[in-house]
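Enquirer: Here's a structure for you.
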Amino acid sequence: PATAVTVGDRLFLFDAGTGVERQLRAAGLPISGPTALFLTHLHTDHTLGLADLIFTSWVMRRHAPFPIFGPPGTRRMVDHLTAAYAEDIAVRTDGLEHEVPGGWQVAVHEIEPGVAYDSGGVRITAIPVRHGSWRVAFGYRIDAPGRSIVISGDTRPSDSLEVAATGVDVLVHEVYPASRVAPEARPRYMSPSPTFRDCPNPAGSLPSG
């Protein structure tokens, strides 16, 4: 998972799944770093491309930190990634590559529900959603001049998401076809439960995990 939203020449990226830099290139979008990255939650499928995004954008001549907004644990994840690549950073900085000193750095912001970003006419709001056993998971609403978008992240039926998505131009909602998952292989959080609010589902899809 990785969803790009562009506003003029600004690129806002939501999640960093595997191959995110290649997918940005394939879409004709900059690979020298987004304006900002927003993580919905810290499952591996949403974050395995994070090191790629941080370090490849540096190699592609990123000069300044970009902000990363995410739930608690984001800073620790980034700190461990940068520590793991300490030798690479040293060689690329001081060796024959002569990369931009410090160009790999990012600015991490661990956020709570509410407005996470508000600059230049773009406001991005973190929406609390329920996903499996995660203590904190988000969807995001993006409001820009003349356009509004909600990205659900992974979630079961969610009142907060429903409220945030009311009246928006576009809702990007992850689903998983029920026909693709055998009942015995389905994660428990994707199974119907009396504690889950009923949600009409004419397409036969389940909220994504």
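The values are calculated or read from the model by the stated rules, or taken from the named source; none is laboratory data. What you see is a predicted model, and the numbers here were worked out from it, not measured in a lab. With ideal geometry, Cβ positions are generated from the backbone for all residues, glycine too; neighbour counts draw on all protein chains shown. These area figures cover heavy atoms from the full protein model, side chains too; ligands, DNA and RNA do not enter into them. Shrake-Rupley method; radii C 1.70, N 1.55, O 1.52, S 1.80 Å.
Enquirer: Being open to solvent by less than 80 Å² (accessible area, probe 1.4 Å), among the charged types (D, E, K, R) and either farther than 20 Å from residue 1 by Cα or modelled with pLDDT of 90 or more (or both) narrows it down to one of 123, 92, 76, so name that one.
Expert: Answer to the selection: 92.
Enquirer: Quick one: would you say residue 135 is closer than 19 Å to residue 46 by Cα and free of Cβ contacts under 8 Å to residues at least 40 places away in the same chain?
Expert: no
Enquirer: Out of (1) on the phi < 0 side of the Ramachandran plot; (2) not in a helix (DSSP H, G or I), the odd one out for residue 28 is which?
Expert: (1)
Enquirer: Identify the single condition in (1) surrounded by 15 or more Cβ atoms within 10 Å (Cβ to Cβ); (2) under 14 Å from the mean Cα position of the chain (by Cα) that residue 62 does not satisfy, given that it satisfies every other one.
Expert: Single failed check for residue 62: (2).
Enquirer: Is one or more of the residues making up region 29-37 at pLDDT 95 or above and either among the polar types (S, T, N, Q) or closer than 17 Å to residue 172 by Cα (or both)?
Expert: yes
Enquirer: Right, another one. If residue 17 meets every condition in (1) touching a residue at least 24 places away in the same chain (Cβ under 8 Å); (2) open to solvent by 20 Å² or more (accessible area, probe 1.4 Å); (3) in a loop (DSSP other than H, G, I, E, B) apart from one, which number is that one?
Expert: Evaluating residue 17 over (1) touching a residue at least 24 places away in the same chain (Cβ under 8 Å); (2) open to solvent by 20 Å² or more (accessible area, probe 1.4 Å); (3) in a loop (DSSP other than H, G, I, E, B) leaves (2) as the failure.
Enquirer: Filter region 98-120 down to the residues that are open to solvent by less than 80 Å² (accessible area, probe 1.4 Å) and acidic (Asp, Glu) and list them by number.
Expert: Correct list: 99, 110.
Enquirer: Another question, then. Residues that are open to solvent by 10 Å² or more (accessible area, probe 1.4 Å), hydrophobic (A, V, I, L, M, F, W, C), over 26 Å from residue 120 (Cα atoms) and not in a helix (DSSP H, G or I): does region 42-56 have at least one?
Expert: yes
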